[in-house]
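A short worksheet on the structure shown next.
The values are calculated or read from the model by the stated rules, or taken from the named source; none is laboratory data. Just so you know, these numbers come straight off a predicted model, no measurement behind them. Cβ placement follows ideal geometry from the backbone for every residue including glycine, while neighbour counts extend to all protein chains displayed.
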Amino acid sequence: MTKKIHPLLTVLFIVVAASSAQAQELPVLEGPYLGQEPPGEEAELFAPGFISTEHHEFSCCLSPDGREFYFTRRIPGRDLNRILVTRLEESGWTEPQPAPMAGVSGGFEPTLSPDGKRLYFQATELDPHLGPSMDVWYTERTSAGWNGPTKMRDPFTPGKAMYVTETSNGTIYTTDISQGPGTERLVLSRPADGNYSEYEPLPSPVNSPSGEIYPFIAPDESYIVFTSLGREGGRAAGLYVSFRSKQGAWSEPAHVATGQPNSTMPWVSPDGKYLFFTSNSGSLNGDIYWVDAAVFKKLRPENLE
């Protein structure tokens, strides 16, 4: 007598089989930078089929030792972001898995401090008095791994900051979103008495009426790469770089030609060799690219002192 298989079991089998097949199809990656051939001054998709897939991936960072790569992926079929991490082990780079510290309603936009001991990220939490609030959180590396996530205090919360990067001396550069959409600007906040100082807006010509977001600050504060929302007569979102003189003045921002549409969320590798960024070709259709850092470093003004 032939037994009938319940239709739901058949569907479950197909899903599991498909998931297994997808896992088996992941390429085996070994060596630095996930075994990818270094790019030149033409941006290339980073780790296609492994990091950059048919899903929505954005915002990434690499640990100082080059053995951990963090990025955000929108969970397919769900309106939820998740920070994933892949690590270099003896057998190669591990399959990207949810980062253990990013369990606060789904984390996104991870950034590492220059020493790799603190990881910042965004997460949305329901405040009983204010409603949903997108805040900056961090977790610190211990001998046992990352500890539990901690929400940053003033001036970053509630809902006042987006995309944190840190200098070697602990100064934080971020996007001030405290006044709502259309008022974004780049600011810095310095360590002060166990907390941080009030925002100091970056001066013109870095900030402009166009709106600036997503800063990456060099650890020594010698340059900043950021996203501008409409400089140069209505250009779509793109990357710009400004260099800092010894006297603290910022140069006129120069457009970084990546060759990709809507380039945003810059991150420079800890060795300073490569610029990583997200290219959004449409709504929830982002991929992670990388390019030789020469594309922006050659834009440094020759007469900058």
message = Here is a check on your reading of the model: is Glu302 touching a strand residue (DSSP E or B) at 6+ places or on another chain (Cβ under 9 Å) and acidic (Asp, Glu)?
response = no
inquiry  = Being under 28 Å from Asn280 (Cα atoms) and either touching a Ser or Thr at 6+ places or on another chain (Cβ under 9 Å) or not charged (D, E, K, R) (or both): is that true of Thr171 here?
reply    = no
request  = Answer yes or no: is there a residue in segment 233-246 that is touching an Asp or Glu at 6+ places or on another chain (Cβ under 6 Å), of a type in the set (Gly, Ala, Ser) and either on the phi < 0 side of the Ramachandran plot or buried (at least 21 other Cβ atoms within 10 Å of the Cβ) (or both).
outcome  = yes
request  = Kindly indicate whether Gly66 is modelled with pLDDT of 95 or more and not acidic (Asp, Glu).
outcome  = yes
task = May I ask you to verify whether Arg82 is surrounded by fewer than 22 Cβ atoms within 10 Å (Cβ to Cβ), without any contact (Cβ under 8 Å) to a residue 40 or more places away in the chain and under 27 Å from Pro219 (Cβ atoms)?
result = no
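Has segment 152-161 got at least one residue that is touching a Lys or Arg at 6+ places or on another chain (Cβ under 7 Å), at pLDDT 95 or above and part of a loop (DSSP other than H, G, I, E, B)?
Taking segment 152-161 as the starting set, the residues that turn out to be touching a Lys or Arg at 6+ places or on another chain (Cβ under 7 Å) are 157.
So of that shortlist, the ones also at pLDDT 95 or above come out as none.
No - not one qualifying residue is present in segment 152-161.
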request  = Go through Glu305, Glu252 for me and flag whichever is at pLDDT below 90 and either of a type in the set (Val, Ile, Thr) or loosely packed, with under 13 Cβ neighbours inside 10 Å (or both).
outcome  = Glu305
key: Residue list for segment 171-198, filter: loosely packed, with under 14 Cβ neighbours inside 10 Å and touching a residue at least 24 places away in the same chain (Cβ under 8 Å)   = Gly182, Thr183, Asn195, Glu198
remark   = Per the filter on segment 171-208, residues touching a Lys or Arg at 6+ places or on another chain (Cβ under 7 Å) and among the hydrophobic types (A, V, I, L, M, F, W, C) are Ile177
ask   = So, of the residues in segment 32-63 that are of a type in the set (Asp, Glu) and outside any strand (DSSP E or B), which turns out to be surrounded by the most Cβ atoms within 10 Å (Cβ to Cβ)?
value = Glu41
query = Within the set of pairs 6 or more residues apart or between chains, which connect a residue that is under 14 Å from Ala257 (Cβ atoms) inside segment 29-46 to a residue that is outside any strand (DSSP E or B) with Cβ atoms less than 7 Å apart?
reply = Glu41/Ala294; Glu41/Val295; Glu42/Gly259; Ala43/Thr258; Ala43/Gly259; Ala43/Gln260
message = Exactly one of these conditions fails for Ser105: (1) within 17 Å of Met162 (Cα to Cα); (2) modelled with pLDDT of 95 or more; (3) surrounded by fewer than 18 Cβ atoms within 10 Å (Cβ to Cβ). Give me its number.
response = (2)
query = Could you list, in sequence order, the residues of segment 33-53 that are β-branched (Val, Ile, Thr) and over 16 Å from the mean Cα position of the chain (by Cα)?
reply = Thr53
ask   = Does Phe243 count as more than 24 Å from Phe58 (Cα to Cα), at pLDDT 95 or above and among the hydrophobic types (A, V, I, L, M, F, W, C)?
value = yes
query = Which number in (1) more than 20 Å from the chain's Cα centre (by Cα); (2) crowded, with 17+ Cβ neighbours inside 10 Å; (3) under 26 Å from Lys297 (Cβ atoms) marks the one condition that Ser204 misses?
reply = (2)
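Hey, could you check segment 136-145 for residues that are part of a strand (DSSP E or B) and either out of contact with any Pro (no Cβ under 6 Å at 6 or more places or on another chain) or at pLDDT below 90 (or both) and say which is surrounded by the most Cβ atoms within 10 Å (Cβ to Cβ)?
Val136
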inquiry  = It is to be established whether one or more residues within segment 282-295 are closer than 24 Å to Glu54 by Cα and free of Cβ contacts under 8 Å to residues at least 60 places away in the same chain.
reply    = yes
ask   = Among the residues of segment 103-125, is there at least one that is among the aliphatic types (A, V, I, L, M) and out of contact with any Pro (no Cβ under 9 Å at 6 or more places or on another chain)?
value = no
